[in-house]
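This report refers to the structure that appears directly beneath it.
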Amino acid sequence: METEVSKWLINVDEYYKMAEVGILKPDDRLELINGEIFKMSPIGSKHAAIVDRLARILNHLLQSEVIVRVQNPLSFDINSEPEPDISILKYRADDYASGHPAAADVLAIIEVAGSSIRFDKEVKAPLYALHTIPEYWIIDLENNTIEVRSNPKEGTYSEIQVYMPGEEVNLMDRKLLVNDVLILG
């Protein structure tokens, strides 16, 4: 008799329980996406510098209109709790102390991608589009580009634009120079 092989997917509560009992360690770099636990690659110095630079630029540019979160969880559904490099969230006076932001709270997500480029395009992009995140940026460290995905429909982004050094990119009606975001050279 043949049996079908199936995956055992977990939910957010089970994920937290695994951390509580020590199966997952506090310093593990993990994300729960669609019921699967993904181990994230270590953060290189260029990656970290771009995330820090972008957080500083966005906090200055958008002031107190939004909340800029760095590498913190978002609560999408019972099976997904991604931790993007940067989340731009609707402003809330409590800074989401009462619970992680939901997809409806997210205005934009930015991922800085080196070795994770395929994962960011093939796994995270559909997840973010499915949850109708209005804008998703992938900062490609290898090619020094910023890919902006927008207009999510049925689990995919219908618009994709790639910005190169020397160009301007818009975020929430504000202009940023690609050269100010990337670390060139």
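Among the conditions (1) part of a loop (DSSP other than H, G, I, E, B); (2) over 23 Å from Asp105 (Cα atoms), the only one that Asp180 does not satisfy is (1). Considering the range 7-41, the residues that are acidic (Asp, Glu) and in a helix (DSSP H, G or I) include one that is least open to solvent (accessible area, probe 1.4 Å), namely Glu14.
Of the residues Tyr163, Tyr157, which single one is surrounded by 15 or more Cβ atoms within 10 Å (Cβ to Cβ) and free of Cβ contacts under 8 Å to residues at least 24 places away in the same chain?
Details: Tyr157 fails: free of Cβ contacts under 8 Å to residues at least 24 places away in the same chain.
None of the others qualify; the one that does is Tyr163.
Residue-by-condition table, conditions (1) modelled with pLDDT of 95 or more; (2) crowded, with 19+ Cβ neighbours inside 10 Å:
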position	(1), (2)
Pro82	yes, yes
Asp85	yes, yes
Lys90	yes, no
Ala103	yes, no
Ile110	yes, yes
Ser115	no, no
Asp120	yes, yes
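As a summary of the residue check, Pro126 satisfies the conditions (1) modelled with pLDDT of 95 or more; (2) part of a strand (DSSP E or B); (3) not small (Gly, Ala, Ser) except for the one numbered (2).
Ile67 fulfils the conditions (1) of a type outside the set (S, T, N, Q); (2) touching a residue at least 24 places away in the same chain (Cβ under 8 Å); (3) open to solvent by 40 Å² or more (accessible area, probe 1.4 Å); (4) in contact with a strand residue (DSSP E or B) (Cβ under 7 Å, 6 or more places away or on another chain) except for a single criterion, (3).
The values are calculated or read from the model by the stated rules, or taken from the named source; none is laboratory data. What you are looking at is a predicted structure, and each value in this text was computed from that prediction instead of being measured. Every residue, glycine as well, gets a Cβ built from its backbone with ideal geometry; the counts of neighbours run over all protein chains shown. Areas reflect the complete protein model, heavy atoms only, side chains present, ligands, DNA and RNA absent. Shrake-Rupley method; radii C 1.70, N 1.55, O 1.52, S 1.80 Å.
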